[in-house]
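Chemist: Below is a structure I'd like to ask you about.
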Amino acid sequence: DIESYNELEEDDPDSHRIYMVWADGYEDDNNGSQLGRVEDPLASPFTSHSLRRNGGQAMSLLYDNTVAEKSEVKAQIADLDNVNPDWTQNDATILTVWVYGAVGNTGSLYVTINGVKVADSAGTVDLAQPQWQPFIIDTAAVGTDTTVVMEIGIGIEGAAAKGNIYVDDIALGLP
C-alpha cells in the first residue's frame, strides 16, 4: 500500500518516507535505482501523486543500469504496513504488481521474494508502454517458502537498462 507513505521530515516521529522502508540504490554504488520524481529525485514528494493506479500516490522508481550492475528496491516485510509474512493465508497464490512504464524505457522487470528472483521472462510487462500493466506471479511456483516471506524486491535487469517506472497496488490474491 503506497498510500501510507508521507513527506514529513525524517526527524519527525511521524515521518514515513517511502525510502525509509524501500531501500534503493541512492547510497549503493552497485545499485542504479532511486526512489523519487523524474523532475527532481532528491526533492519531496518522493512518490508520484499524478501517475497512480488507485489511491493518492504510487512508487516512482528511477533506474540506470549503465552506472551500476543492477537496479532494485527492497523492503523487509516487517517494515510494510498491514502485510502478513504468511502469504498462503486465505489460500492466496497470486502476487500482482502493477507497473506503469514510459516511452524510451529499456530493460526487463523482475520481482524477488525472499531473495528468489522471478523474471518477467514472458515479457508481459513492456516497460516502454505508458499504461498500467500487471505482473502476475504464481507464488506457489517461485521456489521459496511463502508461509514466511521476509523480503520483497522490485528490479529492472539489462546491461544498459535505463528509465523510470511507477509501481502501485502490490497485492496477494486468488487465481
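Chemist: Per residue and in cubic angstrom, what volume does the convex hull of the Cα atoms of segment 118-158 have?
Modeler: Considering the Cα atoms of segment 118-158, their hull volume per residue is 99 Å³.
Chemist: While we're on this one: GNM, the chain, Cα, under 10 Å: largest mean-square fluctuation among 90, 54, 114?
Modeler: 90
Chemist: Also: For segment 67-118, go through all pairs of different Cα atoms, get the mean of 1/r, take its inverse, and jot down that Kirkwood value in Å.
Modeler: It works out to 13.9 Å.
Chemist: Which semi-axes, in whole Å and largest first, does the equivalent ellipsoid of segment 52-175 have when worked out from the alpha carbon gyration tensor as the square roots of 5 times its eigenvalues?
Modeler: Over the Cα atoms of segment 52-175, the semi-axes work out to 24, 16, 14 Å.
Chemist: With +1 on the Cβ of every Lys and Arg and -1 on the Cβ of every Asp and Glu, and nothing else charged, how large is the dipole of the chain about its Cα centre, in debye rounded to the nearest 20?
Modeler: For the chain, the charge dipole is close to 700 debye.
Chemist: Please list 3J(HN,Hα) in residue order for segment 4-15, calculated via the Karplus relation 6.51 cos²θ - 1.76 cosθ + 1.60 where θ = phi - 60°; whole Hz, with x for glycine and proline.
Modeler: Couplings: 6, 7, 10, 10, 5, 4, 4, 7, 6, x, 9, 5 Hz.
Chemist: Roughly how many whole Å is it from the C-alpha centroid of segment 1-54 to that of segment 72-148?
Modeler: 19 Å
Chemist: Add +1 for every Lys or Arg and -1 for every Asp or Glu among the other residues with Cβ under 14 Å from the Cβ of residue 157, and state the total.
Modeler: -1
Chemist: Quick one: Cα convex hull volume of segment 1-86, Å³ per residue?
Modeler: Convex hull volume per residue, Cα atoms: 118 Å³.
Chemist: Okay, moving on. In a solvent-free Debye calculation with one equal scatterer on each Cα, what is log10 I(q)/I(0) for segment 136-175 at q = 0.23 Å⁻¹, listed in the order of the q values?
Modeler: Cα-only, vacuum Debye calculation for segment 136-175: -1.02.
Chemist: If you count only protein heavy atoms with a 1.4 Å probe, what accessible area per residue comes out for the chain, rounded to a whole Å²?
Modeler: 49 Å²
Chemist: Same structure again: Search the structure for amide H atoms under 5 Å from the amide H of residue 135, placed 1.01 Å from N in the peptide plane, and list their residues when 5 or more places away or on another chain.
Modeler: Result for residue 135 returns 97, 98, 99.
Chemist: Calculate one ³J(HN,Hα) per residue across segment 127-139 by plugging θ = phi - 60° into the Karplus curve 6.51 cos²θ - 1.76 cosθ + 1.60, and present them in order as whole Hz with x for glycine and proline.
Modeler: Whole-Hz 3J(HN,Hα) from phi for segment 127-139: 5, 8, 9, x, 7, 6, 9, x, 9, 9, 10, 7, 5.
The values are calculated or read from the model by the stated rules, or taken from the named source; none is laboratory data. Note that the structure is predicted; figures quoted are calculated from it, not measured. Neighbour counts run over all protein chains shown; Cβ positions are idealised from the backbone, glycine included. To get the accessible areas, we keep the full protein, side chains included, count just its heavy atoms, and leave off ligands, DNA and RNA. Shrake-Rupley method; radii C 1.70, N 1.55, O 1.52, S 1.80 Å.
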